[in-house]
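**Student:** Once you've had a glance at the structure underneath, I'll fire off some questions.
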2 protein chains.
Amino acid sequence: MSKPSIGFVGLGAMGFGMATHLVKEGYAVHGFDVFPASVERFKAAGGIPASSLQDSAKEKDFYVCMVASAPQVQSVLFGDDGIAAALPKNATLLLCSTVPASYAQSVAAELISIGRSDIAFIDAPVSGGALRAAAGTLSIMAGASDEALQKGRFLLQEMSDANKLYLVPGGIGAGSNMKMVHQVLAGIHILGASEAQGFAARLGLDAVKTAEAIKSSPAWTWMHENRLQRMLEEDWHPGASALTIILKDVGIITTSARQSQFPTPLCSTAEQVYLSALLQGYGAVDDSSMVRQYFAEPITKVSSTKSDEETAEALQLVLDLMEVTNLVAAAEAISFARYLNVDLKQFYTLVSDAAGASRQFMKKGLEIMEGLGQGANGDSETVDAASSRLEKAVQKARDLHCPLNLGNAALNVLFMAKRSGLGAEGSTSVVKVFEP
Amino acid sequence: MSKPSIGFVGLGAMGFGMATHLVKEGYAVHGFDVFPASVERFKAAGGIPASSLQDSAKEKDFYVCMVASAPQVQSVLFGDDGIAAALPKNATLLLCSTVPASYAQSVAAELISIGRSDIAFIDAPVSGGALRAAAGTLSIMAGASDEALQKGRFLLQEMSDANKLYLVPGGIGAGSNMKMVHQVLAGIHILGASEAQGFAARLGLDAVKTAEAIKSSPAWTWMHENRLQRMLEEDWHPGASALTIILKDVGIITTSARQSQFPTPLCSTAEQVYLSALLQGYGAVDDSSMVRQYFAEPITKVSSTKSDEETAEALQLVLDLMEVTNLVAAAEAISFARYLNVDLKQFYTLVSDAAGASRQFMKKGLEIMEGLGQGANGDSETVDAASSRLEKAVQKARDLHCPLNLGNAALNVLFMAKRSGLGAEGSTSVVKVFEP
């Protein structure tokens, strides 16, 4: 049996990789993009250029939508010459764009209201970057009815790594919620990597040696490791991950959090720093440029004159900053995930092998999840001890006049935990600050 | 009886005003400063130049110390050729510098340990700016033993307004604590004025009309009114209130809060923005320049094209932002004051007529104080309603890509209050987030 034809819209960095991967796998992919140049490029890579949205959708039993934002999705699906009206009966539609869960749900409702309940609709945001998109090894978080998932699963599997297709329970919106709570961590850790390395530079520490120490410590994050080279080289143009991308994702988080009236102090703090950087003109460049919000020069210019003992002492402050902040970030993300009825075990598995990973999350995430609503737990360090470590780093940064946006936000959360009487409990109890 | 000779150290903007005012009142003031030019200027204004610290203190029964910071105080009092050793027996020493309470207490202890328990020491920080210093109408917050206050009161009264000499109960440190909790509000409102006017500019509102509306609304703050002209003119040099001044005060607050492990999310947020601005080179210029952290051009360049209805709607967002943020700021300051055993009624009286004043504090401060530890209160607006107003402003700012550091921090505090089950209570109940 020959492989089915596939319609595809959105041939940007990610979409181009996904669509051309499907071409390589032997599918006839009919691609459309609002930029004719992108369609030409797709044609050159073996794709079939569609002359219009309608053309890309007509007679295609399977369709992938990978445009950049909810307003764009709304336009291509339901606008004039839109995809929804053009798809054949019983087609399968994969929405891979990152959108708010409430928006994915509104798409399902609108399909019904325009008489297209026959379409098998899947809410399936992706993660992993352009390289993994082109290799067909993305992480995909797919939520839909069982019937829709059954129809679309082969296609989701084509685009994802064998172990990274997550069928998220909860139907339409559940995939988007899963991606969103993952991005809480990604959004915090991207800034956290810059904050740690900027603070290290203020302390007079060697950038590369600090980075090596972070990598092999409990303070490690996937984002730190991933962004490090670009941060050191200040190779920000054209930007492998433009600031505007994480800013869009963080905006979905804080907007959804506001709709749920749920506190996200760390993610919201990161957002404000991103918005300030946007105002300073950093929008189009790589988000590893955030290090300049903490240190005025390239961090590799710092040449350490410290003794081994002084270096060890200063380095410990950086590690404590990251480690304790990452713990509070894990608590914020997990509590928000729980509030949204996200499957926590699946969330844990997904994060541990994705861009939102941190050693703190991996080590203490399950304990945070188990500790929700329970009494004292078995964590060996107390809230008091963790806040005391972070406090020392924050005070040193203040003495150096170094901003420490996330560190201060995390410390205030820990102080609130202490005010609530959690000081002597295990440090993972900090999650209770976010709980009723 | 002739007026006594007075020793004085620290002839900067404030100190020069205070010292020359005492000269005008007929005192023989022996002034010293580390900058010879300042001493010359003091001489030209009728003061008696002291050739050394020791010279300024020898045989002076009354001494005023007005240097800039605790390390400077330490040096002039206890360093070589220091004041403490040079003062005559039973002298009265007024420490008017803004320092941490714990430092003021350490001065008292050190006087005893060097055998100078005979000195009547008064912890007496001041507020009001250089003009009021020169007019002898400062606010002074004086804490000391009754005996010391009795000896020094006439001199405190000479430098302060008839109604603005606050004899703060609690002994040494109590004056500094009172000033510090006052500065919690000053530190937040300085940024708040810029945040509100920057947001208004992003909304396309006329700067002057917005300012007029704020002034006559429940969103009014003393700082907004005071900083407004310089913000509009961008007349930042040499800076009537350099950013570094409020940054120093805010640093005392957050350092003390950390020592007490007390959460100060809004003040700490303001501090991070100040530190970022410092990194961008704003340290020496007026703090009204913080408006540039929110809007890239002079706000007076905005020429509104809105209809009356659109203007009213946009303006309401700005007013809601300020009003609700100021309410949360009042709760943060009052709860911290209570934690430090500051006399709350006196704090209320002092703030209402000083630079930390806001209409929210004046209107709801007493209710916040009364509501501490109590159940539902009589406030007409609920936490739910207040957070809903702020949420709308924050969302609009996000849509416009405008940072809203304080607004977001305040909203997260309100969301935490809601998570704690306070949503249906009066909005002043938000203070309970800071309480055990």
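The values are calculated or read from the model by the stated rules, or taken from the named source; none is laboratory data. Only a predicted model underlies this, so the values are computations on that prediction, with no experimental measurement involved. Every residue, glycine as well, gets a Cβ built from its backbone with ideal geometry; the counts of neighbours run over all protein chains shown. Side chains included, ligands, DNA and RNA excluded: accessible areas come from the protein's heavy atoms. Shrake-Rupley method; radii C 1.70, N 1.55, O 1.52, S 1.80 Å.
**Student:** Which of A:I190, A:S117, A:H224 sits closest to the plus end of the dipole of chain A, meaning its Cα is farthest towards the positive end, when Lys and Arg get +1 and Asp and Glu get -1 on the C-beta?
**Tutor:** Toward the positive end, the furthest listed residue is A:S117.
**Student:** Could you identify which residue out of A:G407, A:G115, A:G198 has the top mean-square fluctuation in a GNM of chain A using Cα springs shorter than 10 Å?
**Tutor:** Answer for the Gaussian network model of chain A: A:G115.
**Student:** Okay, moving on. For region B:105-157 and region B:276-320, compute the distance between their C-alpha centroids and round to whole Å.
**Tutor:** Value for the Cα centre distance between the two parts: 40 Å.
**Student:** Compute the angle between helix A:146-159 and the longest alpha-carbon principal axis of chain A, please, reported from 0 to 90 degrees and rounded to the nearest 10.
**Tutor:** 70 degrees
**Student:** Pairs of Cα atoms under 8 Å, at least six residues apart: use those to get the relative contact order of chain A, whole percent.
**Tutor:** Numbers: 834 pairs, mean separation 58.9, N = 436.
The value is 14 percent.
**Student:** Under 19 Å from the Cα of A:K209, which aspartates and glutamates turn up, not counting those fewer than eight places away in the same chain?
**Tutor:** The qualifying aspartates and glutamates are A:E195, A:E225, A:E233, A:E234, A:E297, A:D308, A:E309, A:E310, A:E313, A:D320, A:E323.
**Student:** Turning to a different aspect of this structure: With viscosity set to 1.567 mPa s at 4 °C, what whole-number translational diffusion coefficient in µm²/s follows for region B:140-183 from Stokes-Einstein and a Kirkwood radius over Cα pairs?
**Tutor:** 124 µm²/s
**Student:** Continuing with this model, one more query. Given springs between every Cα pair under 10 Å in a Gaussian network model of chain A, which of A:L366, A:L404, A:L95 has the largest fluctuation?
**Tutor:** Among A:L366, A:L404, A:L95, the largest mean-square fluctuation in the Gaussian network model of chain A belongs to A:L366.
**Student:** With only Lys, Arg, Asp and Glu charged, each at its Cβ (+1 for the first two, -1 for the last two), find how big the charge dipole of chain B is about the Cα centre; round to the nearest 20 debye.
**Tutor:** Values: 35 positive and 45 negative charges, 65 e Å.
Roughly 320 debye, rounded to the nearest 20.
**Student:** Give me the angle, in degrees from 0 to 90, between the Cα long axis of helix B:359-371 and the longest principal axis of the Cα atoms of chain B, rounded to the nearest 10.
**Tutor:** So the inclination is approximately 90 degrees.
**Student:** Here's a follow-up. What lysines does B:K418 reach when the alpha-carbon gap must be under 17 Å and sequence neighbours fewer than 8 apart in one chain are set aside?
**Tutor:** Within reach: A:K432, B:K392, B:K432.
**Student:** Just which residues of region B:400-419 lose 30 Å² or more accessible area with every protein chain there, against their chain alone, with the probe set to 1.4 Å?
**Tutor:** SASA drop of 30 Å² or more in region B:400-419: B:H401, B:P403, B:N405, B:N408, B:N412, B:F415, B:M416, B:K418, B:R419.
**Student:** Calculate what fraction, in whole %, of the accessible area of region A:6-172 sits on carbon and sulfur atoms when a 1.4 Å probe is rolled over the protein chains.
**Tutor:** Details: 3650 of 6570 Å².
Answer for region A:6-172 is 56 percent, counting heavy atoms of protein chains only.
**Student:** Follow-up. Straight-line reach from A:K58: which lysines fall under 18 Å, measuring Cα to Cα and dropping same-chain residues less than 8 apart?
**Tutor:** A:K3, A:K89
**Student:** Now, a different point. How big is the dipole moment of region A:177-434 about its Cα centre under a simple scheme where the beta carbon of each Lys and Arg is +1, that of each Asp and Glu is -1, and everything else is neutral? Debye, nearest 20, please. Don't skip to the end; give the middle numbers.
**Tutor:** Details: 23 positive and 29 negative charges, 120 e Å.
Once rounded to the nearest 20, the dipole reads 580 debye.
**Student:** May I ask what percent, to the nearest 5, of DSSP beta bridges between residues of chain B are antiparallel?
**Tutor:** Details: 6 of 29 bridges.
Expressed as a percentage, antiparallel bridges in chain B total about 20.
**Student:** Starting from the Kirkwood radius over alpha-carbon pairs of region A:91-140, derive D by Stokes-Einstein at 4 °C in a medium of 1.567 mPa s and give it in µm² s⁻¹.
**Tutor:** Working: Rh = 12.0 Å.
Answer from the Stokes-Einstein relation: 108 µm²/s.
**Student:** Right, something else. Mind checking which of B:T92, B:T221, B:T311 has the largest fluctuation in a GNM of chain B, springs on alpha carbons under 10 Å?
**Tutor:** B:T311
**Student:** Moving on to the next point. Need one word for region A:177-434: rounded, prolate or oblate. Basis is the Cα gyration tensor (sqrt eigenvalues a ≥ b ≥ c); a/c below 1.5 gives rounded, then a/b vs b/c decides. It would help to have the intermediate numbers written out before the result.
**Tutor:** Values: a/c = 1.78, a/b = 1.22, b/c = 1.46.
Judged from the Cα gyration tensor, region A:177-434 comes out oblate (a/c at least 1.5, b/c at or above a/b).
**Student:** Kindly provide the pair-distance distribution of chain B built from C-alpha pairs, with 20 Å bins from 0 and whole-percent values in order of increasing distance.
**Tutor:** It works out to 26, 52, 20, 1, in whole percents.
**Student:** From Cα pairs below 8 angstrom and at least 6 apart in sequence, can you work out the relative contact order of region A:6-172, rounded to a whole percent?
**Tutor:** Numbers: 343 pairs, mean separation 34.7, N = 167.
Normalised by residue count, the contact order of region A:6-172 is 21 percent.
**Student:** Still on this structure, please answer the following. Starting from the eigenvalues of the Cα gyration tensor, five times each then square-rooted, give me the equivalent ellipsoid semi-axes of region A:6-172, largest first, whole Å. Don't jump to the answer; show the numbers that get you there.
**Tutor:** Numbers: eigenvalues 89, 74, 38 Å².
In descending order the semi-axes read 21, 19, 14 Å.
**Student:** Related question: Using a 1.4 Å probe, what is the accessible area per residue for the protein assembly as shown, in Å²? Mind dumping the intermediate values first?
**Tutor:** Details: 30820 Å² over 872 residues.
Ligands and nucleic acids excluded, the figure is 35 Å² per residue.
**Student:** Another one. Hey, can you list the residues from region B:237-267 whose accessible area shrinks by 50 Å² or more with all protein chains present, relative to the chain by itself (probe 1.4 Å, no ligands or nucleic acids)?
**Tutor:** B:R258, B:Q261, B:P263
**Student:** At a threshold of 8 angstrom on Cα-Cα distance, excluding pairs fewer than six apart, so keeping six or more, what relative contact order does region B:299-426 reach in percent? The partial results should precede the final answer.
**Tutor:** Numbers: 94 pairs, mean separation 42.2, N = 128.
Worked out over region B:299-426, it gives 33 percent.
**Student:** For region A:177-434, which whole percent of the accessible surface, found with a 1.4 angstrom probe, sits on carbon and sulfur atoms? Can you show the working numbers first?
**Tutor:** Working: 3980 of 8170 Å².
About 49 percent, which is the carbon plus sulfur part of the accessible surface.
**Student:** Okay, moving on. Kirkwood Rh, Cα Rg: Rg to Rh for the protein assembly as shown?
**Tutor:** Details: Rg = 30.2 Å, Rh = 29.2 Å.
Radius of gyration relative to Kirkwood radius: 1.04.
**Student:** Sticking with this one: Please determine, in degrees from 0 to 90 and to the nearest 10, the orientation of helix A:13-24 with respect to the longest principal axis defined by the Cα atoms of chain A, where the helix direction is its Cα long axis.
**Tutor:** Computed tilt is about 50 degrees.
**Student:** Another question, then. Shortest first, in nm, what separates the label point of B:D146 from those of the same position in the other copies (7 Å along Cα→Cβ)?
**Tutor:** 8.3
**Student:** Then there's this: What's the buried accessible area, both sides, between A and B using a 1.4 Å probe, rounded to 100 Å²? Walk me through the numbers before you get to the answer.
**Tutor:** Details: alone 17410 and 17420 Å², together 30820 Å².
When A and B are taken together, about 4000 Å² of accessible area is lost.
**Student:** In debye, nearest 20: dipole of the protein assembly as shown around its Cα centre with unit charges on the Cβ of K, R (+) and D, E (-)? It would help to have the intermediate numbers written out before the result.
**Tutor:** Working: 70 positive and 90 negative charges, 12 e Å.
Dipole about the Cα centre, nearest 20: 60 debye.
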